[in-house]
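Accompanying notes for the structure given below.
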Amino acid sequence: RRLAQQAGCDAALFVDAAGHVEEGSIWNVGDFDGDGIVWPDAPHLTGVSMQLLQAGLARAGMRSAMQRVDLASLGRFRAAFFTNSGSAVRLIERIDEFAFDVDPALEKRLRECHDGSPLQPI
């Protein structure tokens, strides 16, 4: 992340040698294709916020699937977002040359899916 910021970026997105998106430096990444959420089907750490969001999407009946995501084809998605313990959902405006819709209604829907998870005693 530090190297990305030194290069003028906000964060780092990890991509394998073949150009497949994996995850962010301290976050999971998801994409919205207009109908549902696509998570990169690649090696990643499944964060708690990602798990809560996936469970909420299932409860809401919103499609959520793992698929290979190629960096070169990110333009096929309407929106991109990240999720981690510090920010349940934050829309991404741009990844390299690909600009995405920053749709407050989508962000609200995703937050509601995340926040709708019941609390669990520890």
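So how much slack lies between M66 and S87, counting 0.36 nm per residue of separation and subtracting their Cα-Cα distance, in nm?
Difference between extended and current length: 5.4 nm.
Shape analysis of the chain based on the Cα gyration tensor places the equivalent ellipsoid semi-axes at 23, 16, 14 Å, largest first. Stretched out straight at 0.36 nm per residue, the stretch from R94 to A58 would grow longer than its current Cα-Cα span by 10.3 nm.
Tally up the carbon and sulfur contribution to the accessible surface of the chain as a whole percent, 1.4 Å probe, everything protein left in place.
52
Principal-axis analysis of the Cα atoms of the chain puts helix 48-60 at an angle of about 60° to the longest axis. Taking packing as the residue-averaged number of other Cβ atoms within 10 angstrom, the listed peptides 102-110, 23-31 run from highest to lowest as 23-31, 102-110.
Pairs of alpha-carbon atoms within less than 8 angstrom and 6+ residues apart define the contacts here; what relative contact order does the chain have, in percent? It comes to 24 percent, rounded to a whole number. Once both labels are positioned 7 Å from their Cα atoms along Cα-to-Cβ, the gap between D33 and R76 label points is 0.6 nm. Tally the DSSP beta bridges in the chain and give the antiparallel ones as a percent, rounded to 5. Around 75 percent antiparallel, to the nearest 5.
The values are calculated or read from the model by the stated rules, or taken from the named source; none is laboratory data. Worth saying up front: this structure is predicted, and the values here are computed from it rather than measured. Glycine gets a Cβ as well: all are built from the backbone with ideal geometry, and neighbour counts include every protein chain shown. Side chains are part of the model used for accessible areas, which takes the heavy atoms of the whole protein and leaves out ligands, DNA and RNA. Shrake-Rupley method; radii C 1.70, N 1.55, O 1.52, S 1.80 Å.
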